[in-house]
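Worksheet: one structure, shown below.
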Amino acid sequence: MSSVPVLAAPGAVEKKPVKFSNLLLGAGLNMFEVTTLGQPLEVMKTTMAANRTDGMMSSVSRIWGRGGVLGFYQGLIPWAWIEASTKGAVLLFVASEAEFYVKRAGGNNFVSGIGGGMAGGLAQAYATMGFCTCMKTVEITKHKAAMKGEKVPGTFSTFMDIYRKEGLAGINKGVNAVAVRQVTNWGSRFGLSRVAENGIRSVTNKSSDQKLSVPERILASALGGGLSAWNQPIEVVRVEMQSKKEDPNRPKKMTVGNTFRYVYGTSGIKGLYRGVAPRIGLGVWQTVCMVALGDVAKEMVEKATGEEVTAKH
């Protein structure tokens, strides 16, 4: 007996399935982004946030001194790869569910999009990003024993050492700051990108149903990503909470609140925005990868899976 498809009632909110092809596209683009310019910009951003007296050039010198070109890729394997390959899956699943329920409750496309993005960012922070960002920061900021002629502990040795001493709390140190950053990131990036898109449509006399060109989409998303760096103080707090930099003046039990006060007390407003330039660069590079390379990657994924990719990029 053949099954008859159930048609949604007029005006009813349709729940979109999360396809494997969408997850593969997100993971692939994220992996490419972080393996190229993404991780070097992340290392620069983290180094400047942890060493707030350093300028851009002194941070570059510090990173180069840790290992030349490879110094810019500290924390890439496996932590940045784990984060890049899983965050798309977590984000898409949760964001899709949240967007559906917000729409069903009466929210419009704009509100449901922001709501879905914020919920996805929150889930992403607690599911994978907490321990990944923590371990990346540890790799970038830990004291190099090699300077004393001692053996440098490897990535997994460092991970197990933190786990033995501090348990899961140590591995996920700073996860609340990561969650605040992700929620504000996704909410503001989505909203600001939409405002930029409307501005571009107004200047180019395009209606709301006309597609923007690739350069226009890159510009809108880059503006959204760059302007969403207003929450850099949360990122600096996150780095400070996860940092292995030795400082006896830091609070013994660090929370988002007392870490914020510590950073402001020692470095002022300028310190709270340290590392914002490479973060803006990171946002622009992520946009270029997702938008400019999105169509190419979409075709490759559709050929590999035989499914039509429906995810926005």
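The values are calculated or read from the model by the stated rules, or taken from the named source; none is laboratory data. Just so we're clear, the structure is a prediction, and the values are computed from it rather than from any experiment. In this analysis, Cβ positions are derived from the backbone assuming ideal geometry, glycine residues included, and neighbour counts consider all displayed protein chains. In case anyone asks, the SASA skips ligands and DNA or RNA and just uses the protein heavy atoms, side chains included. Shrake-Rupley method; radii C 1.70, N 1.55, O 1.52, S 1.80 Å.
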### Query
In degrees from 0 to 90, rounded to the nearest 10, what is the angle of the helix 214-227 Cα long axis to the longest principal axis of the chain?
50
### Task
Order the peptides 166-176, 263-273 from the highest to the lowest mean number of other Cβ atoms within 10 Å of their residues.
166-176, 263-273
### Task
Please turn the phi angles of segment 156-164 into ³J(HN,Hα) values with the Karplus equation 6.51 cos²θ - 1.76 cosθ + 1.60 (θ = phi - 60°), one per residue in order, whole Hz, x for glycine and proline.
6, 5, 5, 4, 5, 5, 5, 5, 5
### Task
Enter the accessible area of Asp209 (Å², nearest 10), with the probe set to 1.4 Å and all protein chains included.
130
#### Entry: Nitroxide proxy distance, nm - points 7 Å out along Cα→Cβ at Ile269 and Phe32
4.1
## Note on the structure
Largest fluctuation, Ser188, Ser243, Ser21 only, Gaussian network model of the chain with Cα springs under 10 angstrom, belongs to Ser21
### Message
Please give the charge dipole size of the chain, origin at the Cα centre, charges +1 on K and R Cβ atoms and -1 on D and E Cβ atoms. Round to the nearest 20 debye.
### Response
980
### Query
Out of Leu282, Leu122, Leu219, any idea which swings most in a Gaussian network model of the chain, alpha carbons joined below 10 Å?
Leu219
### Query
Accessible area per residue, 1.4 Å probe, Å², for the chain: what's the number?
52
### Summary
hull vol. (C-alpha, convex hull) per residue for the chain, Å³ -> 178
### Task
Could you list which residues have their amide H under 5 Å from that of Gly174, counting only those 5 or more apart in sequence or on another chain, with H placed in the peptide plane?
none
### Query
Which value, in Å² rounded to 10, gives the accessible area of Arg66 with a 1.4 Å probe and all protein chains present?
60
### Solvent-accessible ranking of Ile77, Ile280, Ile114, largest area first, probe 1.4 Å
Ile77, Ile280, Ile114
### Protein accessible area in segment 237-313, 1.4 Å probe - carbon and sulfur %
58
### Task
Read phi for every residue in segment 240-254 and hand back ³J(HN,Hα) as whole Hz from Karplus 6.51 cos²θ - 1.76 cosθ + 1.60, θ = phi - 60°, with x for Gly and Pro.
4, 5, 8, 5, 9, 5, 7, 8, x, 7, 5, x, 5, 10, 8
### Full-stretch length increase - Val256, Lys211 - with 0.36 nm per residue and alpha-carbon distance subtracted
12.0 nm
### Task
Per DSSP H run of at least 4 residues, take -39500 (n - 2.57); add these up for the chain, divide by its residues and hand me the 222 nm value, nearest 500 deg cm²/dmol.
-21500 deg cm²/dmol
### Query
Along segment 122-131, what does the Karplus equation 6.51 cos²θ - 1.76 cosθ + 1.60 (θ = phi - 60°) give for ³J(HN,Hα), rounded to whole Hz, x for Gly and Pro?
5, 5, 4, 4, 7, 7, 10, 5, x, 6
